[in-house]
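What follows is a single structure, written as C-alpha cells, with notes after it.
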Amino acid sequence: MFKKLVYYTCVAGLAVSMSSCSILEGKKDDKSAAQSPKKESKNGIKPYAKIITSKAKSDAGLFKVHKVDEDYFFEIPDSLFNREMLMVTRIAQTAQGLGFGGGKQNEQVLRWQKKGDKVYLRVVSYDITAADSLPISQAVVNSNFEPILYSFDVKAYKKDSINNNTVIDVTDLFQKDVEAIGLQGRRRKSYKISRLDNSRSYIDTIRSYPENIEIRHVKTYNAGNPPSNSSTGSVSLKFSNSMVLLPKVPMKRRYFDQRVGWFTSNQTDYGLDNQKSETVTYLDRYRLEVKEEDIEKFKNGELVEPKEPIIYYIDRATPEKWRKYIKQGIEDWQVAFEAAGFKNAILAMDPPTKEEDPDWSPEDVRYSVVRYLASPIPNANGPHVSDPRSGEILESDINWYHNVMTLLRNWYFVQTAAINPEARGVEFKDEVMGRLIRFVSSHEVGHTLGLPHNMGSSVAYDVEDLRDPEFTKEYGTAPSIMDYARFNYIAQPGDGDVSLMPNVGPYDKYSIAWGYRPILDKSPKEEKQILDNWILEKAGNPIYRFGQQQSGGVIDPSSQTEDLGDDSMEASTYGIANLKRIVPNLIEWTAEDGKNYEDLEDLYGQVYAQYNRYMGHVAANMGGVYEIFKTYNQDGAVYTHVPRDKQVRAMEFLQEELFETPEWLIDKDIFNKIQFDGYLEKIKSYQERALNNVLDFGRFARMMENEELNEDAYTIVEMMQNLRSGLFSELRRGEEISRIRRNLQRVYLTRMEHLMTEEQSNIPAQYRRYISRSNIDVETSDIRPLVRAELNRLQSDMRRAINRTRDTMTRYHLEDAVERIENILNPDA
C-alpha cells in the first residue's frame, strides 16, 4: 500500500486573465465573429465564423476549446505561444491486468510555437542546462534542439480586446496514435501491440480551466498478447492528458541531500565551475513563502501564515461519515509546518456545492482533491507532479479507493487483535475505522508534500519501549508516519494502554522543516551550508535517520517494510506470541449466523502473511549490511556489516520458528472449514520462500566480503553447517522424519541444485541504485565448492541414518535423497 500515484494541487502564481471554466457551454461570440475576416485566404485559412460555427460548444479557460460536430479546436492567444506547459499522461480507466486508474505513463514539457500559418507543438527538455549568461549556454542550446511532437495548420484567426488568437484543429493529436500521449513503448512490446484501431478509438472530453486543459480519450490497440479479455485481440484504455501552464517565474530551488528523504527533480548543469558535468538534484515541494509584511515576525521566530496555504478538498463522493477523519489526517501535518515556521499552512476543506459553484471541478489544477473512488482496489496513493525547472509541486491529488478499508481491517486485526478487543471482528466500529482512515490519510498526504517512504524510521525505538504506554503515547510506534510501520504487533496482553500506530512524528517534523523552512535572502547554493548544519545537529540520533526503500531484495535489515523495533528477532518473537493467541480464536471472532467461512479464510491467510513477514525481517540480518548516509564532515562508515551475534541469532530463530514445523499454525478446525486440501503445500511454500531467501547468491557474496574485512564475521561455512545441522537434525539420532520435514528437506536439495547449476543474473549499472541485490560471479566464487562439500557430508550422514531408522517412509525418503544428491554432484553419470 501507500504507493506514489495520482496528482493535482493548488498552483500559486499562475496568473492568466481568463474566465472560469464553463463546460462546453456552446455560446457563440457574435461580436468576435463580426470582427473575423470575411474572405477565405489563399492558404486555406477561413473566416473565424466558418470554423467556429453556431454548432460549436465552447469552453473558456487556459485556451478556448471548441467542439464542432466531432472535431475539437484550440483557440490559442498569442500571449501563450512559447509559454512552457507540462503535459502529464495517465491511464484514467483500465481493464484487468492493465495497471490501475491514475497510473502515470509519461510526463513532458511542451511549448506551442507559431511560425507563419503553422503551429508546432514542441517537446522541451530540461535534462541539461546552463545559465544564459555563460558562454556554454549556446552549446547546451545546440545540444538540446526541441523535437516537434505534432504540427497543425492554422484554421482561422480572431482578434479580441486582449489577444490575437489562433485557431487550430487538435482532433488528430488526441484521436490518432501519438505514443507520447498514449500507451508507452514498454507496454506496447509486452502486449505485442500492432496498431491503433481507429474505429474503436475516440476523444471523450476536452475541458479547459484557467490554468490547465484536461483531455480524456479512449484508445483501442490491436494486440497479440493482451493481458485480459483475450478474445477481443485488443487492449482498450481511457487516457487522461493534463496540460498545465508552468509559472512564468520558477520557484527557488532547494538542493537535495540523501541524508533527508525527499522526492526530487534533477538536471545536468554544464554551467557549474567544475571539471565535469554535474547532475544537480533539488526537492519537489510546494511554493510556501512568507508574506512581505510578516518577514520581520518570521525572522523573530513567530509563526506566520504563508502567502498561499496548501489546501486539500474532500471529494463530494466521499461518504459523510469518513470526511472528518480524512480531514484530520490532512491537518495532522500542521505541527510539522509549525516546525518550518508556518501556521495554517495546510488546510482541509469541503468543496463548494454545485449550487454555490457549478463550475468547480477536481480536474481544475488550482484545487487539490482527495478523490474517493468506488473501486475494489485495496489501496490509496498520493503522488504529485512537479515543475522540472524548480521542483515546485503543481499537481497533487490523493486517490482513495473504497476497498482500502479491507486492507486496514486485515492489518489491524492480525497485528493487534491479541491485545485489542476493538480489532476482534470482521467489521469495526465507525470510530475505529475512522481512526485507521485518518492514519492512511496522513501517510498519503506526506507523499503529496514531497516525502518518500522512510523505511529506516521504525528501528529507532527499542523493542521493549513499544510495550510502554507512556513512551508510545508520547512518541507513537515509529518516528515517522512515512515508514511502513503499520500497527503495534509487539505489545503483549497486560502491557496496558499502549499506542497502536504511528503519528506525524519527530522525523516528519524535522524533514518538513528541513525542506520547507524559508531561508531568506540566500541563493540555493548559499543555503547548502545552512541545510548541512541542520542535518549535523541531528546526526547520530536514529530518530532522525532516513532509510531508503529497498527494491528487489533486502540488504539493509534496518530499513525494511512492515517491521518495528531495533531487533528483528526479539520483535518477531513477540509478534508470533500474539499470532498464537489469535489462531485459536479465529472461528469465534469471525462467526456470524448465516454467513459462510470466507472471512475466516481471509483472516487465517492474514496470519500466515504476517508470520511470513517476521521470517523475512529476521532472514535479512544474515549477510546484512547497514546503510547510514554520511558526508565527509561526519565520522564513521556509511556501510557496516550486521554484527556476528545478530546473524547467529537470526539463524537460530529461523530453525526454531520456521524450519521446526510450526504446529501452532496448523489448525485442523479451521482447515476443514475453508479448503479440502492444501495445508501441506501451504506450509512448504512459506518454508521454501525463507530457505531460498537464506540461500541467495547475493547473501553469500556479502558474507564472504565480511569474512575478508572483519575477523569476527559469521562465515559462510558456519552458516551452511548450522543450516544443515538444523534441517537434518533427525539424522543424528535415527529419528522418524515427519512428512512436513521431508518436504522441507527436499526443498533444500532443490535449492542446493540451483546453487550448483545456475548463475546470478547481472544487474545493469544504470539500475543498481534501484535494485537491492549484490552481484557475484558464481562460477569463480567459493559458493560451489562449499555447496559440494555440504552435499557430500549430508550424503554420508544419510547413508548412515538409513540403517538406523525403523520408519518405512523415512527410509524411502533418505534413499531417494541420497540418489538426488548423487545426481546433483555427478549429473553426467
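Throughout, read-outs are computed from the coordinates displayed, never taken from laboratory work. These figures come from a predicted structure and were not determined experimentally. Note that each Cβ is placed from the backbone with ideal geometry, even for glycine, and that neighbours are counted across all protein chains shown.
Structure summary
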read-out	value
18 Å Cα cut-off, lysine pairs counted over the stretch 169-310 (separation 8 or more, or different chains)	12
Computed FRET value (nearest 0.05) for residue 431 with residue 525, which takes r as the C-beta separation and R₀ as 56 Å	0.65
Low-density loop positions, GluC sites (Glu not before Pro), the stretch 569-613 - DSSP coil, at most 15 other Cβ in 10 Å	592
Loop-located GluC sites (Glu not before Pro) in the stretch 384-436 whose Cβ has at most 15 other Cβ within 10 Å (DSSP)	427
Calculated SAXS-style log₁₀ I(q)/I(0) at q = 0.21, 0.22 Å⁻¹ - the stretch 695-829, Debye, Cα scatterers	-1.24, -1.31
Alpha carbon convex hull of the stretch 349-496, volume per residue in cubic angstrom	149 Å³
Estimated Rh, the stretch 204-327: Kirkwood, alpha-carbon pairs, angstrom	20.6 Å
For the stretch 682-766: rounded, prolate or oblate by the Cα gyration tensor [a/c cutoff 1.5]	oblate
The stretch 325-355: trypsin sites (Lys or Arg not before Pro) falling in loop per DSSP and having at most 14 other Cβ within 10 Å	343, 354
Amide H partners (placed H, <5 Å) of residue 365, local residues excluded	211, 212
Sequence of 89, 220 once ranked by neighbouring C-beta atoms within 10 Å, starting from the fewest	220, 89
Inter-centroid distance (Cα atoms) of the stretch 658-731 relative to the stretch 235-251, Å	49 Å
Percent of Cα pairs exceeding the 20 Å cut-off, where the set is the stretch 449-543	44 percent
Using θ = phi - 60° and Karplus 6.51 cos²θ - 1.76 cosθ + 1.60, couplings along the stretch 316-326 (whole Hz; Gly, Pro as x)	4, 7, 5, x, 4, 6, 9, 4, 5, 6, 5
Share of alpha-carbon pairs per 20 Å distance bin for the chain, given as whole %	13, 40, 34, 12, 2, 0
Alpha-carbon centroid distance for the pair the stretch 536-560 / the stretch 349-384, whole angstrom	34 Å
Extension gain from residue 612 to residue 674, taking 0.36 nm per residue of separation minus the Cα-Cα distance	20.3 nm
